[in-house]
There are 2 protein chains.
Amino acid sequence: MQKILYTNNVSDAIKGLVDEINPISVHIITDENVEREVLPKLALSYQRIVVKPGDEHKNIESLSYIWGSLIEQGATRHSLIINIGGGVITDMGGFAAASYKRGVRFINVPTTLLSAVDAAVGGKTGINFEGFKNEIGAFAPADAVVISTILFETLPREELLSGYAEMIKHGLLSSAQEYNELLNFSIVDADMASLLPLLEKSVKVKERIVEEDPKEHGIRRALNLGHTAGHAFEEFALEHGKPIPHGYAVAYGMLVEMIISHSLEAYPSEELYRYAGYLKDNGYGTPDFSCKDYDALVEYMRHDKKNITRDSINFTLLSAPGHPLIDRTVGEEEIHAALDIFRDLLGI
Amino acid sequence: MQKILYTNNVSDAIKGLVDEINPISVHIITDENVEREVLPKLALSYQRIVVKPGDEHKNIESLSYIWGSLIEQGATRHSLIINIGGGVITDMGGFAAASYKRGVRFINVPTTLLSAVDAAVGGKTGINFEGFKNEIGAFAPADAVVISTILFETLPREELLSGYAEMIKHGLLSSAQEYNELLNFSIVDADMASLLPLLEKSVKVKERIVEEDPKEHGIRRALNLGHTAGHAFEEFALEHGKPIPHGYAVAYGMLVEMIISHSLEAYPSEELYRYAGYLKDNGYGTPDFSCKDYDALVEYMRHDKKNITRDSINFTLLSAPGHPLIDRTVGEEEIHAALDIFRDLLGI
């Protein structure tokens, strides 16, 4: 089981873990932004491997650069890798660790809310390949994850909203009460210290699910809520040269999937309005597409990793907040209809 | 646990496994030689991904080609990959399967004695990177391995000798009796049907060890017998543009390590002569190096994945046939002395 530390004393937590693991050598994997903005505050003296920031660099070239740097720095199987960064770094650094010499130990230190709540926990690692997100990777849990909300203090509003969408997803999967609590909290105005207990609760939802089903044979698929439609929005936006934050895509995806849940599983209609209102009030904006793009969006959904065949599209749906339903196959017409209602609700 | 089928009815065995696993789609990974020489005999109608043969193509480019082809052929997480080939194919195809969409199932069908006895069994997958062998990879056991000696009937003598060296290694690890039986069998003149029971016994030695220690934290390191020095010979030869078969390198490596075992662990001197004689009588030839190359060879040994630090060199040694000793740290002078005796024994 992954060890998760919730703390606002990051450096000491990292040093404590290094002492405990007692590796031959320590290698930080990070990106240029984090190196400039965050590492000076942490004052860690380990060797560094620094890649270019951004999802467009979560690719085989950056991964090869990391592998090559590990060789150059003399990393052995008994070394330790510390991934410090957002989801790109924890995913790619995790896969680098999982595949270098067939696997070395690693720690994740997420520097964005999104990676803290999602990417840094649960053992999914990977890179994008030929335009498909996380197409290549491994299930490889970090030895430990250090979660600290003070690292988020300098994050732009967009990054906070993006991460908060994944927290809302965990609330939706967990209980009506946890979901309500999250819709009543305003992430944009919050001070980051008050976020730590809420974040801990949210990460524990994911931990519970992952522990039950580490390799995603069943209930872990519930965590894909919002992601089948969300990845489609994200990949579509990227293809059109206007990338959107992952969490925004998931926030939109959850609305699409709530609409489908309403049609097929009697998800309450008032919940659709409440959630759409939340997105509008909190500045999530809207995705840029028209009815001419439905086929392209459906095509992206069809490629989703959790589909069983290329001919069916598989969603996580909800009968109510706190009641997920996995492996629901949905037809194309149903998705088109949901996209119509989605545009109505958000006024696109 | 991996299922291993020993059979000389390969096609039926494969079709039976496919029926049992019942995948969405089946994708054969193979190389141009195997496609030409072996696939026509098997008459399998599955989709194919064909790479260039040879260890020099066991690299990130071939791996990317395989990943891209899996996407193109519409492989999902519920597909099945069948690796048909030598160690390059089973290692690289296994890693492709382990990393595509974070892991799909795969079967290995070794077409060389070497891959049957070694690479196809035990879950080590990988590719070479920046000149280092199997530097990148994963521990990922095949769902099943189909072992058939009739596939070896057209193998050149060199390939048989190469694979047989790994069988001798298993004998050395297992018991004096099994080792003696192997030194009394002549692989070059044997008919392949008579090899199947001997091969089954040999693979079972590896299975027993891997089952006890799948991730190589302890006793599995015994399987590295001959490989610390062997990989050095192999990489040195490759660097000088005169590649030698892996099994030849291991055969030489075992002699070096027996010599060190004699100095440090009282391995019987008569066994050194007997084994050196076996190599000479059976046409294993000799590696091409002089005393000027000792430092280069030691440098390769220093990079071996199982070393705990960059400053120590870690060997599997023997106190007698059937009695391996893992994690023995050996100094540079000791290795130089062993290389001197090695050249004497083989008359280099």
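The values are calculated or read from the model by the stated rules, or taken from the named source; none is laboratory data. Computed from a prediction, not measured in an experiment: that's the story for all the values here. For neighbour counting, all protein chains shown are included, and Cβ atoms are generated from backbone atoms with ideal geometry for every residue, glycine included. For accessibility, only protein heavy atoms count, side chains too; no ligands or nucleic acids. Shrake-Rupley method; radii C 1.70, N 1.55, O 1.52, S 1.80 Å.
For A:Lys124, the residues whose modelled amide H falls within less than 5 Å of its own, excluding neighbours fewer than 5 places apart on the same chain, are A:Ala140. Helical runs (DSSP H, four residues minimum) scored at -39500 (n - 2.57) apiece and divided by the length of the protein assembly as shown put the mean residue ellipticity at 222 nm at -15000 deg cm²/dmol. Could you identify which residue out of A:Pro268, A:Pro110, A:Pro156 has the top mean-square fluctuation in a GNM of chain A using Cα springs shorter than 10 Å? Between A:Pro268, A:Pro110, A:Pro156, it is A:Pro156 that shows the largest mean-square fluctuation.
Kirkwood radius for the range A:261-348, taken over all pairs of different Cα atoms as the inverse mean of 1/r, rounds to 14.2 Å. Residues whose amide H falls under 5 Å from that of A:Ile4, counting only those 5 or more places apart or on a different chain, are A:Val145, with hydrogens built in the peptide plane. In the context of the full protein assembly, A:Cys291 retains an accessible surface of approximately 80 Å², using a probe radius of 1.4 Å and ignoring ligands and nucleic acids. Rolling a 1.4 Å probe across the protein heavy atoms gives the range B:137-206 an accessible surface of 35 Å² per residue. Taken along its three principal axes, the alpha carbon spread of the protein assembly as shown comes to 86, 58, 37 Å, from the longest extent down to the shortest. Per atom type, the range A:66-125 shows carbon and sulfur on 44% of its accessible surface, probed at 1.4 Å.
Sorted from shortest to longest, the distances between the B:Leu325 label points of this copy and the other copies are 6.7 nm, with each point 7 Å from Cα along the line through the beta carbon.
Contact order, relative form, for the range B:260-348: 33 percent (alpha carbon pairs under 8 Å, 6 or more residues apart, mean separation divided by residue count). Taking the Kirkwood radius as Rh and the Cα radius of gyration as Rg, the range B:27-176 has a ratio of Rg/Rh equal to 0.96. Label point of B:Ala176 (7 Å along Cα→beta-carbon): distances to the other copies' equivalent points are 7.8 nm, sorted ascending.
Average accessible surface for the range B:241-323: 38 Å² per residue, computed with a 1.4 Å probe over protein heavy atoms with every protein chain in place. FRET efficiency for the pair A:Leu325 and B:Ser64, taken as 1/(1 + (r/R0)^6) with r the Cβ-Cβ distance and R0 = 41 Å, rounds to 0.65.
Subtracting the Cα-Cα distance of A:Glu200 and A:Glu72 from their residue separation scaled by 0.36 nm leaves 42.3 nm. Mean sequence separation of contacting Cα pairs (under 8 Å, at least six apart), scaled by the length of chain B, corresponds to a relative contact order of 14 percent. Once the chain from B:Asp288 to B:His217 is taken as fully extended at 0.36 nm per residue, the excess over their C-alpha distance is 22.2 nm. Model label sites at B:Leu346 and A:Ser312, defined 7 Å from Cα along the beta-carbon direction, differ in position by 5.8 nm. Taking chain B as a Gaussian network of alpha-carbon nodes connected by springs under 10 Å, the highest mean-square fluctuation of the residues B:Gly86, B:Gly218, B:Gly226 belongs to B:Gly218. Measuring with a 1.4 angstrom probe and ignoring ligands and nucleic acids, B:His217 comes out at about 140 Å² accessible. Residue-normalised convex hull volume from the C-alpha trace of the range A:139-257: 128 Å³ per residue. Shown for the range B:269-305: residues covered by the partner protein chains by 40 Å² or more of accessible area relative to the chain by itself (probe radius 1.4 Å), namely B:Lys305.
Can you list the residues of the range A:64-84 whose accessible area drops by at least 20 Å² going from the chain on its own to the full set of protein chains, with a 1.4 Å probe? Residues losing area: A:Ser64, A:Trp67, A:Gly68, A:Ile71, A:Gly74, A:Thr76, A:Arg77, A:His78. Our coupling estimate for the range A:160-172, obtained by passing each phi through the Karplus curve with A = 6.51, B = -1.76, C = 1.60 and θ = phi - 60°, is 5, 4, 4, x, 5, 4, 5, 5, 4, 4, 4, x, 4 Hz, Gly and Pro reported as x. Taken across both chains, chains A and B shield about 3300 Å² of accessible surface from a 1.4 Å probe. Counting protein heavy atoms only, the range B:230-348 has 51 percent of its accessible area on carbon and sulfur, 1.4 angstrom probe.
A full extension of the chain between B:Ala337 and B:Glu270 corresponds to an added length of 22.3 nm, given 0.36 nm per residue minus the alpha carbon distance. Once the partner protein chains are put back, the range B:104-130 shows a loss of at least 50 square angstrom of accessible area, versus the chain by itself, at B:Phe129 (probe 1.4 Å, ligands and nucleic acids excluded). Using θ = phi - 60° in the Karplus curve 6.51 cos²θ - 1.76 cosθ + 1.60, the 3J(HN,Hα) couplings for the range B:341-348 round to 5, 3, 5, 4, 4, 8, x, 7 Hz; x is entered for Gly and Pro. Nonpolar atom fraction for the range B:181-222, defined as the carbon and sulfur part of the 1.4 Å probe accessible area, stands at 52 percent.
Couplings 3J(HN,Hα) of the range A:180-197, computed from phi: 4, 4, 6, 5, 8, 9, 9, 4, 5, 8, 5, 8, 5, 4, 6, 6, 4, x Hz, in residue order, whole Hz [Karplus 6.51 cos²θ - 1.76 cosθ + 1.60, θ = phi - 60°; x for Gly and Pro].
Averaged over its residues, the range B:26-108 has an accessible area of 32 Å² per residue, based on protein heavy atoms and a 1.4 Å probe.
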